[in-house]
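These notes are about the structure you will find just below.
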């Protein structure tokens, strides 16, 4: 099984989190690929992989600028994503942005589910204001999350 981590980031923290997951979880899957969302569209989900959306939240609860094209394409060129399995690692700051905490990841989750994609497990929200080390928390969560995923992708289309 291949894990493809799609990264939406403003300051680089989400990319650092994804790289920590890549290093720590390499023994759990056949391959891990980290890819910034820059310039991607819905067709990225045609790949045979388990996806992890790793994204920060920008401004007043939006997706980061580098994730905008991918996010918008989920509406502009929608297609059934029933064979796609994914997880969400959302980054935010609860103390400063409580009303929109981790909305970047939550917005992706809502759109992907609307297209039939199947989320594995719960959304993991990392809080920049709690003093924890996001890379360590993310890697530990991902090891447990990967244990929830079957080895073979879901099959079948409607």
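The values are calculated or read from the model by the stated rules, or taken from the named source; none is laboratory data. No experiment lies behind these values; they were computed from the predicted model shown. In this analysis, Cβ positions are derived from the backbone assuming ideal geometry, glycine residues included, and neighbour counts consider all displayed protein chains.
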Query raised in the report: Within the bounds of segment 77-96, is there any residue that is part of a helix (DSSP H, G or I) and surrounded by fewer than 20 Cβ atoms within 10 Å (Cβ to Cβ)?
Result: no
Query - Failed criterion for residue 59 (all others in (1) within 28 Å of residue 133 (Cα to Cα); (2) without any contact (Cβ under 8 Å) to a residue 60 or more places away in the chain; (3) in contact with a strand residue (DSSP E or B) (Cβ under 8 Å, 6 or more places away or on another chain) hold) - result: (3)
Query - Yes/no for residue 10 being at negative phi, in contact with a strand residue (DSSP E or B) (Cβ under 6 Å, 6 or more places away or on another chain) and assigned to a loop (DSSP other than H, G, I, E, B) - result: yes
Query raised in the report: Mind checking which pairs have a first residue in segment 137-149 that is free of Cβ contacts under 8 Å to residues at least 40 places away in the same chain and a second that is surrounded by 18 or more Cβ atoms within 10 Å (Cβ to Cβ) and part of a helix (DSSP H, G or I), Cβ under 9 Å, 6 or more apart or different chains?
Result: 137/17
Query raised in the report: Restricting attention to segment 58-67, which residues are more than 14 Å from the chain's Cα centre (by Cα) and either surrounded by 15 or more Cβ atoms within 10 Å (Cβ to Cβ) or at pLDDT below 95 (or both)?
Result: 58, 59, 60, 61, 62
Report summary line: Filtering segment 78-93 down to residues that are modelled with pLDDT of 95 or more and over 16 Å from the mean Cα position of the chain (by Cα) yields 79, 80, 82, 83
Query - Residue tally, condition more than 19 Å from residue 121 (Cα to Cα), in contact (Cβ under 8 Å) with a residue 60 or more places away in the chain and either within 15 Å of the chain's Cα centre (by Cα) or not in a helix (DSSP H, G or I) (or both), over segment 20-41 - result: 1
Report summary line: Going through segment 53-69 in order, the residues found to be assigned to a helix (DSSP H, G or I) and over 18 Å from residue 18 (Cα atoms) are 68, 69
Report summary line: Taking segment 18-49 and keeping only residues that are surrounded by 15 or more Cβ atoms within 10 Å (Cβ to Cβ) and within 19 Å of residue 133 (Cβ to Cβ), one is left with 18, 19, 20, 21, 22, 24, 25, 34
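The rows are residues; the columns are (1) assigned to a loop (DSSP other than H, G, I, E, B); (2) surrounded by 13 or more Cβ atoms within 10 Å (Cβ to Cβ); (3) within 14 Å of the chain's Cα centre (by Cα); (4) modelled with pLDDT of 95 or more.
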{"residue": "51", "(1), (2), (3), (4)": "no, yes, yes, yes"}
{"residue": "71", "(1), (2), (3), (4)": "no, yes, yes, yes"}
{"residue": "99", "(1), (2), (3), (4)": "no, no, no, no"}
{"residue": "113", "(1), (2), (3), (4)": "no, yes, yes, yes"}
{"residue": "116", "(1), (2), (3), (4)": "yes, yes, no, yes"}
{"residue": "126", "(1), (2), (3), (4)": "no, yes, yes, no"}
{"residue": "130", "(1), (2), (3), (4)": "yes, no, no, no"}
{"residue": "149", "(1), (2), (3), (4)": "yes, yes, no, no"}
{"residue": "156", "(1), (2), (3), (4)": "yes, no, no, no"}
